[in-house]
Every structure is written in C-alpha cells, then in structure tokens.
1. Considering every residue within segment 319-336, establish whether at least one is open to solvent by 50 Å² or more (accessible area, probe 1.4 Å), in contact with a helix residue (DSSP H, G or I) (Cβ under 7 Å, 6 or more places away or on another chain) and among the charged types (D, E, K, R).
2. Is it true that A384 is closer than 19 Å to H197 by Cβ and crowded, with 20+ Cβ neighbours inside 10 Å?
3. Given the criteria within 29 Å of D150 (Cβ to Cβ), β-branched (V, I, T) and open to solvent by less than 30 Å² (accessible area, probe 1.4 Å), does I67 qualify?
4. Quick check: anything in segment 364-374 modelled with pLDDT under 95 and of a type outside the set (D, E, K, R)?
5. Sort through L304, L309 and tell me the only one that's open to solvent by less than 40 Å² (accessible area, probe 1.4 Å) and either more than 22 Å from H322 (Cα to Cα) or part of a loop (DSSP other than H, G, I, E, B) (or both).
6. Quick check: anything in segment 180-192 over 23 Å from the mean Cα position of the chain (by Cα) and open to solvent by 70 Å² or more (accessible area, probe 1.4 Å)?
7. Would you confirm whether any residue within segment 103-113 is open to solvent by 70 Å² or more (accessible area, probe 1.4 Å), out of contact with any Asp or Glu (no Cβ under 7 Å at 6 or more places or on another chain), without any contact (Cβ under 8 Å) to a residue 60 or more places away in the chain and outside any helix (DSSP H, G or I)?
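The values are calculated or read from the model by the stated rules, or taken from the named source; none is laboratory data. What you are looking at is a predicted structure, and each value in this text was computed from that prediction instead of being measured. Methodologically, a virtual Cβ is constructed for each residue, glycine included, from the backbone with ideal geometry; neighbour enumeration extends over all protein chains shown. Accessible surface areas use protein heavy atoms only, side chains included; no ligands, DNA or RNA. Shrake-Rupley method; radii C 1.70, N 1.55, O 1.52, S 1.80 Å.
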Amino acid sequence: MRFEKLVTIAPLSRIDPDPSALTERVAQATLGSYQALWHPRLLSQSATLPVCALTTELPLAGPGQLILVPEASRRFLPESWEVQARAAGATTIVGEETRARFLARLWEELPAEAGRPAAQVEADDFMALGLARLWLQMLTAYMNHVSTLDEDHLLKEVLAASSAAMVDDQPTRDDHLRAAFQVLMEARERVYGADVHLLDLCLLDARAGLDRIGRQLGWGQPINVFASGHTVEYLRDQDAAATAQFRTALDEAKADLVGGEFDEVASTLLPLESHLWQFRRGEQSYRDVLGRTPTIFGRRRFGLGRHLLQLLNRQEFLFLTHFCFDDGIFPAKAEPKVRLEAPDSTTVEALARIPLAADNALSFLKFPSVLSQTMIADFVATVALVHWPMPETPWYEDLLRMTRYANVFARFSTLSHYFQTTDPPAISSSIS
C-alpha cells in the first residue's frame, strides 16, 4: 500500500500559537499524531513527508491519503467531514490522543504489508526527526522568517533512511538520518545563526528517580546535577556503579555538580552558625563520595537570603542558580544571566532563567516559542530544562536523540562551560 500524503490535523488554528492558550491535551494530541506519521514503515511507503494541517486549513481528502485526527481536533471539523474523507478514498484514523495509541491504531487498521512487522523496526530516531521538523516549522513562524528549508533534499534523505531501516541496514539508516538532521540544522542557522545554550538541570533526590541516574548519565550529553551532600551519600550507599559513573562524568567535564549544603533545610531561618555547619558537613560528603566540592551553588527548596552571597564568597563558590523549585518567593529576572550584589558589595554571577519542566508535552510544544523569545531578546540565547533523572516522557528522549546527530536547535552545555565561555552581564542586580 502506497500513500500519496501523510497528514495530521492538529488542534491548532495557527502554526505559531499563543503559548498561554495551549494545554497539555492539545500538546499531547499535536505531538503524538504528527510524530506517529514519522514511523519508518509509513515513510517507506509514502511519496511525501508528513504534513501538520491546521483546523483553519483542513486538507482536501483524496485517494491514497492517510489522515490522523486527534480527539482534540474533532470538534473543529464540519459534521460530515469524516464521512466525506472516507468516501473520497482517504484512510482516516480518528479519536486518539497519544503517540502510542495512534501507532497501535495504525497497525490495527492498516492492511498487512510485506516485509518486517512495524514493531520490529527501530523508530525512535525517526520520531525525533519528526519533532525537529515540526519545531523548525513553528520556530520559523515565531521568528517571522520565510522558510529556507531544502524540502527536496530532506525528503530524499528521509526516504532513504526509512528504506534502510525497513531492511535493518543500520549504518546506511544512520548516515541518511544524520544528513536529514543536518538539513534541518542548516535551515535553523539561516533563521538564527548563533549558538543557543541548552542547560539541562537534573534534580537528584533519594525519593525520586535515583534508580534512573545511570540511564541519564549514559546518554553522554552535558548535564547539571542538583544534589545535596546527604543525597550523594545515599547514592553511594545504594548504587556504587552509578556513583562511579557520576564521578567519571564529572572528571570528563560532561557533568556539573550543583549544590553546597548537606541537607536542604530551612536555611533562611537558621542561625548563621548552623548554616555554616551545613556547608562544612556538605563539603565533607562531596569530597568523600565524589572527590570534589561543587563550585556552583543551587538547591531545590527555597533558601535564598540577603546573607547568602557573602557565605558563598567565603565558601569559594564561583556561580549561583538564582531560582528554587519548592516553596518560597524570589524576584524573577528577565535576563538569563545576572550579576548579583550583596549589601557588602560581594558579587557572584548567576543563572536566572526559569527552566521549563521536561516532564510534560506542553513544555515541548512551547519549546519553539521559548527558543524564539531568547533568540530575539537575550544577549546570550539560553534555554533551561529541569527534571528528575530520565523523565518518563518520550519528548525529552527525542531531544537527546536529535542532538546525537546534530545541534539542530541548541547545544547542551554544563553550567561551568556556560558561565566561562559566554559574555558576563554588564550590570549588577541587588539580591534583596
């Protein structure tokens, strides 16, 4: 069975939607339905690349078309549209929400084809390619830029990669996938030519995802791990292999350690002596377990105060993350990097960009909008993500997969590298 066209009708009225109007359900439906069409079994039987149609520009159904309609899009369709589409000869699959459900329906409803079953074909890298293609389309619109994508070249590489995947020729598949990602990267560079720094912030806690830190580090992408002294001791006691893996990543500058205290207690309520004890006890734990102490201060729970910068200077911290994830109120900064000044004129450079949560579809549908904002407004284009180790969402792994082939949108960076290689902020800001 050959497809003349692969189409999803996304529940969007425009390709550059207002981020504040998006919901998790819309994000799941948009990403899931579009990426499902990038399965190599479908691509190898198609004459074109998948299309993301809008509810305001419904496609004219015809023979040989495969059209996916998420449940979130159905209310935007004319009453008789589904009947007319089938009568016109299009294959329509209607009413699902997620990538996994769309793929399951596809294999249930499409006729069996010669060759290997779809379940045995490695499709994850193609899903990442589909996400990159959608992001580029959205980013181009957000930047008010005309498309410069070489569609013919991309189509040639994708179809070659999918054909190789169907016969299990992995080297050929990877070569063509790499070329396809390069085509997307070149188009993005014509939209915005400078590097975008992607800061991946991983929260390490004894009660959340500690068993997945080994998988996280195994990807080899630069990462910044938030961990207290107590947490690294717990990691050593529970998983010696992951601890050794973490030390190796730190030694190879593929990871940064962010922390400082032994435990994340309510430090703003502690007497000064107790707060100093937390730093001294934490330093001992870090040295015993990881052979080093953090040079970047950060914590998950609220703990920012007027006296903090003076303490950090005394403890020889070089940088600071100026945000917290649990409790408290702190002043938000418009710039990604700031230089904070204490009452005694002590200063420290800090990351102030509030990160996106990497555990939901909504953040990844908003990703092109966030990219466009930092490209337009920031002197150092910066995007930050935060998550527990290896969040159970496919799109975070898609991002990791696409960066194995090319830095299509942003370059993963450790905080140390980010602070040391980018221009410092020119103006100091009071911490009070």
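1. The answer is no; no qualifying residue exists.
2. yes
3. The answer is yes for I67.
4. The answer is no; no qualifying residue exists.
5. Working: L309 fails: either more than 22 Å from H322 (Cα to Cα) or part of a loop (DSSP other than H, G, I, E, B) (or both).
Selected residue: L304, the only one of L304, L309 that is open to solvent by less than 40 Å² (accessible area, probe 1.4 Å) and either more than 22 Å from H322 (Cα to Cα) or part of a loop (DSSP other than H, G, I, E, B) (or both).
6. Looking through segment 180-192, none of the residues is over 23 Å from the mean Cα position of the chain (by Cα) and open to solvent by 70 Å² or more (accessible area, probe 1.4 Å).
7. Yes.
Conditions (1) over 25 Å from the mean Cα position of the chain (by Cα); (2) touching a residue at least 24 places away in the same chain (Cβ under 8 Å), marked per residue:
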position: P50; (1), (2): no, yes
position: L54; (1), (2): no, yes
position: P70; (1), (2): no, yes
position: Q84; (1), (2): yes, no
position: G89; (1), (2): yes, yes
position: R99; (1), (2): no, yes
